[in-house]
Amino acid sequence: MEDTIVAMATAKGETSIHVIRLSGSNAGKIIEDCFDPQNMSRWSRRESFTLNLGNFRDENRILDEVLVGRMLAPSSYTGEDVYEVNCHGGPFVAQRILQACIRHGAQLAEPGEFSKRAFLNGKLDLVQAEAVIDLISSRTETAANLALTQLGGGLSETILNLREEVLEILAFIEASIDFPEDDVESLDREMLETKINKALDDSLHLLSGSKTGKILRDGLITVIVGRPNVGKSSLLNALLHEDRAIVTDIPGTTRDEIRESVSVGGFLLQLVDTAGICESQDLVECLGIERTWKALKTADLILLVVEANLPLTEDENHIINTYAEKVIVIVNKIDLLENEQCVSMNNKEVWIPFSVLQHRGFEDLEAEIKRRVYQGETVDVSDPLISNVRQISSLERCHTALSEALESLRRGTPWDIMSIEIRQAVQNVSEITGHNVQESLLEEIFSRFCIGK
C-alpha cells in the first residue's frame, strides 16, 4: 500500500487561506481522526467533490475552523483519495495542521509527488505532467495558453497517433519476418515505404512547430546593442514601463549588462541592455564592451539601436552583416529629423523608424517580433505545439531513426536489421509521453515541481 502523503499546496507565508493536501488510501482515516464536521449527516454520506465546514483538532485541542474538500478515487487529481484542508492563512496555523496529519500517519510529500502519483495512476501522461510545470511558471498569456493546451491532451493525442503509426510499421515488419512471401516482397517494401514516409511527415510537422513552441514557453533572449548614447537604456525603460536603467546625456553610462524580462505582444523577452560599443581606454568600460560582443553570440533576437541622423559605424555594419537573421534595426530619434528620412534601408534586415521619446515605433516592433516568432505563418496556440527541450530531443531522435530505416529500406536491407531502427523510433517517441521511461528520468522531471503539486 502506498504511503499517504501530505504537504502544503499554497506558498509559505501569511495569506488569507492556506491549503494542506493529503493523498493516499489512509487519507480518509487521518481526516476522520482530526476533523469534527458541523454537519455530520452530510459528512457521513462520503460524497465526493464536496466541501465540509468544521473544526480541525489534534487530540482534544482545536487548531482551526476549516473547510475540508473530499475527492475520492479514482476521480481525483492523483487517482487516489484526496483531501484538502482549507484553513486560515497564518503560517503557524497551517504548520500545526500539517504536523497533526503527520502525527496521525501521513508522510511529508516530496517535490512533485502528487503529480507523479497522477502520472503513475494514469491520470496524466508525461507531456501533461510537464505542462503543469509550464503553466505554473508561465509569465505571459501565450505561454499559459500553450501549457493549457498541452495539459488538455492536444499534444499528447498527436504524439500518441505518431507512436501508433510507428508501432504499426514495426508490426508490419515483424509480420513480414514471420510470414515471408517471396512473391509479394516488392509490394511489401512499397507499402512499408509509404508507411514510413507518413510517419516521417507527421514527425517533421511536429518538429516544424517546435521553434515557435519553445519561444512561447521560454521567451527570446533579446540583446539591446548600439553605440553609446543612442537610446538603448531609454528603450529598455520604455519596454519595462519603469526607470530600470540610468539614462543620461553622458556616453558610457551603462557599463555592465542589465537583465530584465518583459512581455511584448504576449511574448516573453529576456532583455539584456549592454554597454555601448565604442573605442575606450577605460578598463571597466572595455570589460563591459567585451561582454556585449559575447552576449550577441547567444542572443535569439538583437535590437540594434542606431541614430537616425548619423551614418552607420563599422561596428554597426559588422553586427548587421554577421547576425542578419537575428537583427531588428531600431532607427531611433527620428523626431530630430526634419523630413524623418531614415538612413539607407537597402539591406535585407528589418529597419523600424523609432522615437523612444515620442513612443513611436513600438507597434511596428511588436508586429515584427510576432512575425518572427510565428515564422511568418498564422499559428493558433490551440494547435499541438511541442515546446519542451526533452520532448523535442526525443522527437528528433525518433525522426532520425525513421529516416535511417527508410534509407535501409531503399538499400534493400533485410527486414530483421531494419526492425532495429524502427524499435529505436518506438522507444524515442514513447519517451515523450512516458510509455517507456526510466525511473531516474521521472525523478528528475518531478523534482522540478514544488512541494504540494
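Taken together, the values in this text are just the output of simple stated rules run on the coordinates, not laboratory data. Since we're looking at a predicted model, the values are computed, not measured. Ideal geometry is used to build each Cβ from the backbone, glycine not excepted, and the neighbour counts take in all protein chains shown.
Region 427-453 and region 39-61 have Cα centres spaced 36 Å apart. For the chain, the membrane-span-like helices by this rule, meaning whole DSSP H stretches whose C-alpha atoms cover at least 20 Å of axis and whose Kyte-Doolittle mean is 0.0 or above, are 154-178, 283-298, 415-433; this says nothing about an actual membrane. For Lys370, the lysines whose Cα falls under 28 Å of its own Cα, not counting residues fewer than eight places away in the same chain, are Lys211, Lys214, Lys232, Lys294, Lys297, Lys326, Lys333, Lys348. Distant-in-sequence amide contacts of Val264, defined by a placed amide H-H separation under 5 Å and a gap of 5 or more residues or a different chain, comprise Leu269. Below 12 angstrom from the Cβ of Thr433, what's the summed charge of the other residues (Lys, Arg +1; Asp, Glu -1)? That sum, taken over residues with Cβ under 12 Å, equals -3.
Only helices enter the 222 nm calculation for the chain: every DSSP H run of n ≥ 4 contributes -39,500 (n - 2.57), and dividing by all residues gives -14500 deg cm²/dmol, rounded to 500. Neighbours of Phe56 by Cβ distance under 11 Å: Lys/Arg scored +1, Asp/Glu scored -1, total -2. Each Lys and Arg Cβ is given +1 and each Asp and Glu Cβ -1; about its Cα centre, the chain then shows a dipole of about 1500 debye.
The fraction of all Cα pairs in region 15-95 landing in successive 10 Å bins from 0 to the largest distance is 19, 53, 26, 1, given as whole percents.
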